[in-house]
Amino acid sequence: MNLTIHRGTNQIGGSCVEIATTTTRLLIDIGLPLDSVVKRLEDRKQYLPKIEGHIDAVFISHYHLDHHGLVSEIDPSIPVYVSRGTEKMFGINAIFLRMPKVENLRIIDTKTPVMVDDIKITAFTVDHSAYDAMAFLIEAEGKKILYSGDIRTHGVKGRLYEDLPQNVDYLILEGTNIGKSESISKTEKEIKDQFIALFKKYPDRINYVWSSGQNIDRLVQIYSASLKTGRTFVADLYVANVLYEIHQLNANIPSPYSHPNFRVWYAKYEKLNENENLAFRLKRFKIKSKEIADSPYKYVVIVRPSLLEYIQKINAAQANVVTSIWKDYEIRTENEAFFDWVDKKGYKRTHYHTSGHADQDGLRKIVAHISPKTIIPIHTKNKAQYCEIFKNVIVLDDGERFEI
Ligand SMILES: [Zn+2]
């Protein structure tokens, strides 16, 4: 069996791993590099790794662009295996974010093996800032390889790593936080407590929270903090539809129909065109900007910089603006206008966030549980430092063919 990491040995994102026996070739993830500048969808093609030969199947670990962003560029006859959560998010993003539709999707459920010719693949749900993210166990020719995908131990379902298989031959391990500070990451519960404290401290203010509409566990914390402090949670049509869809998989995820104090803000409604049913099905929970503007202190509103013109319509006198995303997004040029306006209004800015990736302590726990014979770094800028933390590390380069 051969292993080739086409991309990911030197960068965070853009991951693409090939595993091939004499008869079968699989890809695990086929991501767009995070630093890629793609203005038009057709420009993505230039980032496709050079893969020789026929591909029998692709397995996508989760719905972040740096793990699946090139999947629409491959031959549409190739089956693409994803979790149910990833399938739901692909569907919503095709409509709201105009992402290309992924053909030939197949579902892989946790701990239910799939055979692709002579390779057996078993998915394991892991905790990450993407809902229903998966690690994959690949078994062939008497060897076992575990691909961690993106993983952490400090999230709501952080203990899921304890379900991962043990004593594998190779662990391909993400190391986003290797080489960064040794500090311990906050838990999602601690993030919720920060929100509760803020909402309580300023009873007269509206709270705008910029959180990714795809970070389900974070949205759950914000909803819960809103409820606990007597506020109404307001999500725009995109985020409300994401939660509505994921609720179909997990009844604990807040959805307007089942959860109180959840309203839907129809900002950017015009995008839906032929998918009017997605607007129609949430209509009874609709809240207008004017209703928010009349008593802003009642609301916690999920926002993003592209909603600026709608936030300006509310034009609250005082507000808290919490960024609950990776800090680097705040300094991107496309978000300047949003923060300039926030500062001009004198709104209070706060940052509450925790990484979607394991800190070094978390990675040690994961490795101690799995007890792999060998570790191969991926999704890291600091592969050389793995050797300082773990035993039996083999460092590969992008495109290097490694015999298992
Ligand atoms: Zn990810």
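Every number in this text was worked out from the coordinates using simple rules, so none of it is lab data. No experiment lies behind these values; they were computed from the predicted model shown. Neighbour counts run over all protein chains shown; Cβ positions are idealised from the backbone, glycine included.
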- line: Relative contact order of the stretch 188-351 (C-alpha contacts under 8 Å, at least 6 apart) in percent is 30 percent
query: Using alpha-carbon positions, what is the distance between the centroids of the stretch 378-402 and the stretch 207-229, in Å?
result: 36 Å
- line: Per the 1/(1 + (r/R0)^6) rule, R0 = 25 Å and r from the Cβ atoms of THR110 and LYS189, FRET efficiency to 0.05 is 0.60
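Given N residues in the stretch 188-351, what is Rg(Cα) / (2.2 N^0.38 Å)?
Working: Rg = 14.9 Å, N = 164, 2.2 N^0.38 = 15.3 Å.
Taking the Cα Rg and dividing by 2.2 N^0.38 Å, one obtains 0.97.
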- request: Return the calculated 222 nm mean residue ellipticity for the chain, to the nearest 500 deg cm²/dmol, obtained by summing -39500 (n - 2.57) across DSSP H runs with n ≥ 4 and dividing by the residue count.
  value: -7000 deg cm²/dmol
message: Using 0.36 nm times the number of residues separating LYS298 and GLU52, minus their current alpha carbon distance, what extension gain do you get?
response: 82.8 nm
message: Which one, LEU219, SER72, VAL126, is farthest towards the positive end of the dipole of the chain when Lys and Arg carry +1 and Asp and Glu -1 on their Cβ?
response: LEU219
Rounded to 10°, Cα long-axis angle of helix 237-247 versus longest principal axis of the chain: 50 degrees
query: Can you give the angle from 0 to 90° between the axis of helix 84-96 and the longest principal axis of the chain, with both taken from C-alpha atoms, to the nearest 10?
result: 50 degrees
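Using a Förster radius of 41 Å, what is the FRET efficiency between GLU141 and PHE280 based on their Cβ-Cβ separation? Nearest 0.05, please.
Approximately 0.20, to the nearest 0.05.
Lys and Arg at +1, Asp and Glu at -1: add these up for the other residues within a Cβ distance under 13 Å of VAL58 and post the number. Mind dumping the intermediate values first?
Numbers: positive: ARG25, ARG106; negative: GLU18, ASP29, ASP56, GLU73, ASP75, GLU103.
With Lys, Arg at +1 and Asp, Glu at -1, the net is -4.
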query: Using alpha carbons only, how many degrees (0 to 90, rounded to 10) separate the axis of helix 336-345 from the longest principal axis of the chain?
result: 30 degrees
statement: Computed over the chain, the convex hull of the Cα set has an average projected area, in nm², of 18.9 nm²
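List the GluC sites (Glu not before Pro) within the stretch 1-83 that DSSP assigns to loop and that have no more than 16 neighbouring Cβ atoms inside 10 Å.
Working: sites: GLU18, GLU42, GLU52, GLU73; in loops: GLU52.
The qualifying sites are GLU52.
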- prompt: Mind listing which GluC sites (Glu not before Pro) in the stretch 179-264 are in a DSSP loop and have 16 or fewer other Cβ atoms within 10 Å?
  reply: GLU182
- line: The rounded separation in angstrom of the Cα centers of the stretch 240-274 and the stretch 86-121 is 22 Å
- line: Pseudo-spin-label distance TYR257 to ALA384, built 7 Å along Cα→Cβ, given in nm, is 5.6 nm
query: Separation between the ARG40 and ALA94 pseudo-spin-labels, each 7 Å from Cα along Cα→Cβ, expressed in nm?
result: 2.3 nm
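Order by neighbour count: VAL82, VAL367, fewest other Cβ atoms within 10 Å first, most last. Spell out each step's value before the answer.
Details: VAL82 26, VAL367 20.
So the residues, fewest neighbours to most, are VAL367, VAL82.
Between the DSSP loop rule and a limit of at most 15 other Cβ atoms within 10 Å, which trypsin sites (Lys or Arg not before Pro) in the stretch 194-247 are left? Could the numbers behind the result be given before it?
Numbers: sites: LYS200, LYS201, ARG205, ARG218, LYS228, ARG231; in loops: ARG205, ARG231.
Sparse-neighbourhood loop trypsin sites (Lys or Arg not before Pro): none present.
Let me spell out the model: positive unit charges on the Cβ of Lys and Arg, negative unit charges on the Cβ of Asp and Glu, origin at the Cα centre of the chain. What dipole size does that give, in debye rounded to 20? Working shown, then result.
Numbers: 54 positive and 51 negative charges, 396 e Å.
Dipole about the Cα centre, nearest 20: 1900 debye.
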message: Within the stretch 182-217, list the residues whose amide N lies under 14 Å from a label point set 7 Å along Cα→Cβ of LYS228.
response: 187-201
field: Cut-off 19 Å (backbone N to label point 7 Å along Cα→Cβ of LYS201), residues of the stretch 268-305
entry: 297-301
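List the pairs from LYS180/LYS373; LYS313/LYS381; LYS192/LYS365; LYS101/LYS327; LYS290/LYS344 whose alpha-carbon separation is above 32 Å, in the order I gave them. Walk me through the numbers before you get to the answer.
Working: LYS180/LYS373 25 Å; LYS313/LYS381 42 Å; LYS192/LYS365 24 Å; LYS101/LYS327 30 Å; LYS290/LYS344 22 Å.
With Cα atoms farther than 32 Å apart: LYS313/LYS381.
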query: With each pseudo-label sitting 7 Å past Cα toward Cβ, what's the LYS157-LYS348 distance in nm, one decimal?
result: 3.5 nm
message: So if each residue of separation counts as 0.36 nm, and I subtract the Cα-Cα distance between LYS290 and ASN392, what length gain in nm does that give?
response: 30.6 nm
field: Linear extension gain, ASN273 paired with LYS327, 0.36 nm per residue minus alpha-carbon span
entry: 16.1 nm
